[in-house]
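What follows is a set of notes on a single structure, which appears directly below.
The values are calculated or read from the model by the stated rules, or taken from the named source; none is laboratory data. None of these values were measured; they are calculated from a predicted model. When we count neighbours, we look across all protein chains shown, and the Cβ atoms used for this are built from the backbone with ideal geometry, even at glycine. Side chains are part of the model used for accessible areas, which takes the heavy atoms of the whole protein and leaves out ligands, DNA and RNA. Shrake-Rupley method; radii C 1.70, N 1.55, O 1.52, S 1.80 Å.
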Amino acid sequence: MQKIENYINGELISSIKEQYIDNYNPSKGEVYSLIPNSDKDDVDLAVKAGEEAFASWSSTPKVKRAEIMLKIADLIDENHKELAHAEALDNGKPLFLASHVDIPRASSNIRFFATAIMHNANESYHMEEGFNNYTLSQPLGVVGCISPWNLPLYLFTWKIAPAIASGNCVVAKPSEVTPMTAYLFSKLCIEAGLPKGVLNIVHGLGSSAGDAIVSHNKIKAISFTGGTNTGRIIARKCAETFKKMSLELGGKNPNIIFADCDFDNMIKTTLQSSFANQGQICLCGSRIFIEQSIYEKFKTAFLAKLETHTVGNPFDEKTRMGALVSKDHLEKVLSYVELAKEEGGTVIFGGNKLIIEGSENGYYMEPTVIEGLPYNCRTNQEEIFGPVVTLIPFETEEEVLTYANSTPYGLSATVWTENISRAQRIANKLDSGIVWVNCWLVRDLRTPFGGVKQSGLGREGGFRALNFFTEPKNVCMAY
Ligand code: NDP
């Protein structure tokens, strides 16, 4: 069986204790490879490699750093097919999604920050009394990047790229649930000539390898994407050593639909924002609020569209929804359907585990639509992170804003209306880091990305990410 290896100090090696964790193929429910069960000792080795590489990497001219990163991006593109296949196998997502979204975005992330670093300017303040200030942006040293399983290589590279572009060395941990493309990525880094120790990838459990990264006193900052509860644990740990931290956490996003919207476009996009990646995207709109006058029309059109939304093996061309990422996660999502029923909701579509012929042990579930629940019940307040949406009618803007803003989360929101004044009124009042009007998941990598309330701390994207991974130092000179 294939053994994934850690990437430390430029080499692919097993964990020191040579212990392994099973890695599952969710579409079959079978173990298909093994992951190093790394611990503190492996993280120590990775941090040491990062420290040794830091002096040279941080003083490497930006243009040279960019050149190596662009080579990595090119290699991702050249190996697109193999990476997309590996992502679909490891995560359960449809191959078409991995091919069209995950892998292209991974090379875009690297290319974006490789070139952004050459456009990053520093501040300078001239004082009339004969003093001049200029501000240096210096890399932090060794930083930690921890990413989740839903968009594995996409989010892994989104963190690593700004960190290494700005001259830091990185110790990174992908989710233990989806480690494969991070492993393949480490091979591409070697092939591209990334100097040893600049990026170190340690595989293993969050509670051991992840915790060792967060607790390490030589690691200067943590960039984390994952669940709000894990974020809370990490924030406490970071406080002990005053690490900088960037936290991208959970969401329970509203999708607000007014009667005056472009109906066909809204229905098509709402299907995506509800069920793309099996609903396992932090930006999915799982609470759908529909203006009362078009509630029945919406319901009929949405459910009709869902009939054509094929659930199946990720490698089947017709598949639009693959397997959920793990057995535990499938059970968690199904338990929320039960909770919804207990809370008085009616399941009007799906709601069940699915058995797919030829993949009987895979973790499949029907896309699920529930109505009849109040906005403030647990089903409508807690993150489910699966193919489950609720429908809630509303009458007025004030009412829907109360519903939309009622959760502890505030990551993203979608608004559908042709009335531009209303769109802006609502966008201003939503407690949310990101608002899409008449679209969803459109991403310009220069824009601020992140959430408010318990959806996170800080912003990623563009120069904000480069600022996170650098420390400004002001130099004041008399003349
Ligand atoms: P988790 O929080 O469970 O895990 C995220 C990462 O943290 C994994 O690599 C995990 O390792 C690691 N980890 C777990 N515990 C610790 C710990 N104590 N110390 C250090 N690292 C730890 O999230 P999921 O992987 O389940 O991802 C789903 C969540 O991510 C959802 O809540 C979703 O909303 C959120 N998310 C947020 C995004 C955003 O941009 N705001 C984007 C995408 C997802 P391991 O897997 O081995 O446990």
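Would you call LYS332 within 20 Å of THR407 (Cβ to Cβ) and without any contact (Cβ under 8 Å) to a residue 60 or more places away in the chain?
Answer is yes for this residue.
Can you report the number of residues in region 446-458 which are open to solvent by less than 20 Å² (accessible area, probe 1.4 Å), within 22 Å of TYR403 (Cβ to Cβ) and in a loop (DSSP other than H, G, I, E, B)?
Number satisfying all stated conditions: 1.
Here is a list of conditions, (1) within 16 Å of the ligand (Cβ to nearest atom); (2) open to solvent by 60 Å² or more (accessible area, probe 1.4 Å), and ARG443 meets all of them except one; can you say which number that is?
(2)
Considering every residue within region 220-241, establish whether at least one is part of a loop (DSSP other than H, G, I, E, B) and more than 17 Å from the chain's Cα centre (by Cα). I'd like the intermediate steps shown before the answer.
Initial filter on region 220-241 (part of a loop (DSSP other than H, G, I, E, B)): 226-227, 241.
Applying the additional criterion that residues be more than 17 Å from the chain's Cα centre (by Cα) yields 241.
The answer is yes, given that some residue of region 220-241 is part of a loop (DSSP other than H, G, I, E, B) and more than 17 Å from the chain's Cα centre (by Cα).
Yes or no: ASN467 in contact with a Phe, Trp or Tyr (Cβ under 7 Å, 6 or more places away or on another chain), over 17 Å from LEU249 (Cα atoms) and open to solvent by 40 Å² or more (accessible area, probe 1.4 Å)?
Taking the combined requirement at face value, the residue does not satisfy it.
Output yes when any residue across region 278-295 is open to solvent by 10 Å² or more (accessible area, probe 1.4 Å) and assigned to a strand (DSSP E or B), and no when none is.
Checked against the condition, which is being open to solvent by 10 Å² or more (accessible area, probe 1.4 Å) and assigned to a strand (DSSP E or B), region 278-295 yields at least one hit.
How many residues, within region 125-174, are modelled with pLDDT of 95 or more, on the phi < 0 side of the Ramachandran plot, part of a loop (DSSP other than H, G, I, E, B) and away from the ligand (no atom under 16 Å from the Cβ)?
The number of residues fulfilling the criteria is 3.
Restrict the check to region 133-143 and report whether at least one residue is surrounded by 24 or more Cβ atoms within 10 Å (Cβ to Cβ) and over 22 Å from GLU78 (Cβ atoms). Working first, answer last.
Filtering region 133-143 down to residues surrounded by 24 or more Cβ atoms within 10 Å (Cβ to Cβ) leaves 142-143.
If we keep only those that are over 22 Å from GLU78 (Cβ atoms) as well, we get 142-143.
Yes, region 133-143 contains a residue that is surrounded by 24 or more Cβ atoms within 10 Å (Cβ to Cβ) and over 22 Å from GLU78 (Cβ atoms).
Between a first residue in region 209-223 that is within 8 Å of the ligand (Cβ to nearest atom) and a second residue that is hydroxyl-bearing (Ser, Thr, Tyr), which pairs have beta carbons less than 6 Å apart while being 6 or more apart in sequence or on different chains?
Sorted first by the residue in region 209-223, then by its partner, the pairs are ALA209/SER38.
Condition first: within 16 Å of the ligand (Cβ to nearest atom) and either part of a loop (DSSP other than H, G, I, E, B) or surrounded by 14 or more Cβ atoms within 10 Å (Cβ to Cβ) (or both). Can you find one or more residues in region 390-398 that meet it?
No, every residue in region 390-398 fails to be within 16 Å of the ligand (Cβ to nearest atom) and either part of a loop (DSSP other than H, G, I, E, B) or surrounded by 14 or more Cβ atoms within 10 Å (Cβ to Cβ) (or both).
Within region 184-208, count every residue that is open to solvent by 10 Å² or more (accessible area, probe 1.4 Å), within 16 Å of the ligand (Cβ to nearest atom) and assigned to a helix (DSSP H, G or I).
The total comes to 3.
Considering only residues of region 229-261 that are within 15 Å of the ligand (Cβ to nearest atom) and of a type in the set (A, V, I, L, M, F, W, C), which is most open to solvent (accessible area, probe 1.4 Å)?
ILE233
Considering (1) over 29 Å from LYS297 (Cα atoms); (2) surrounded by fewer than 18 Cβ atoms within 10 Å (Cβ to Cβ); (3) within 16 Å of the ligand (Cβ to nearest atom); (4) in contact (Cβ under 8 Å) with a residue 60 or more places away in the chain, say which one GLU382 fails and leave the rest.
(1)
Can you name the residue in region 47-84 that is within 30 Å of LEU330 (Cα to Cα) and free of Cβ contacts under 8 Å to residues at least 24 places away in the same chain and, of all such residues, is least open to solvent (accessible area, probe 1.4 Å)?
Filtering first and then ranking leaves ALA84.
Look at SER166 and say whether it is within 21 Å of PRO61 (Cα to Cα), among the small types (Gly, Ala, Ser) and either in the same structural domain as GLU18 (by TED's automatic domain parsing) or surrounded by fewer than 24 Cβ atoms within 10 Å (Cβ to Cβ) (or both).
It is true that SER166 is within 21 Å of PRO61 (Cα to Cα), among the small types (Gly, Ala, Ser) and either in the same structural domain as GLU18 (by TED's automatic domain parsing) or surrounded by fewer than 24 Cβ atoms within 10 Å (Cβ to Cβ) (or both).
Could you tell me which residue of region 346-379 is surrounded by the fewest Cβ atoms within 10 Å (Cβ to Cβ), considering only residues that are assigned to a strand (DSSP E or B) and among the small types (Gly, Ala, Ser)? Steps first, answer last, please.
Of all residues in region 346-379, those assigned to a strand (DSSP E or B) come to 346-349, 353-356, 359-365, 368-371.
Those left that are additionally among the small types (Gly, Ala, Ser): 359, 362.
Working: SER359: 24, GLY362: 26.
The extreme case among them is SER359.
Return only the number of the condition from (1) without any contact (Cβ under 8 Å) to a residue 24 or more places away in the chain; (2) in contact with a Ser or Thr (Cβ under 8 Å, 6 or more places away or on another chain); (3) open to solvent by 70 Å² or more (accessible area, probe 1.4 Å) that GLY461 does not satisfy.
The failed condition is (3).
Mind listing whichever residues of region 207-225 are in contact with a Gly (Cβ under 8 Å, 6 or more places away or on another chain) and not basic (Lys, Arg)? Show your work before the answer.
Residues of region 207-225 that are in contact with a Gly (Cβ under 8 Å, 6 or more places away or on another chain), as a first pass: 210, 213-214, 216, 218-224.
Within region 207-225, GLY210, ILE213, VAL214, HIS216, ILE219, ALA221, ILE222, SER223, PHE224 meet the criteria.
Answer with yes or no whether ASN428 is open to solvent by 70 Å² or more (accessible area, probe 1.4 Å) and under 27 Å from the mean Cα position of the chain (by Cα). It would help to see each step written out before you state the result.
Details: open to solvent by 70 Å² or more (accessible area, probe 1.4 Å): yes; under 27 Å from the mean Cα position of the chain (by Cα): yes.
Considered against the rule, which asks whether it is open to solvent by 70 Å² or more (accessible area, probe 1.4 Å) and under 27 Å from the mean Cα position of the chain (by Cα), ASN428 comes out as yes.
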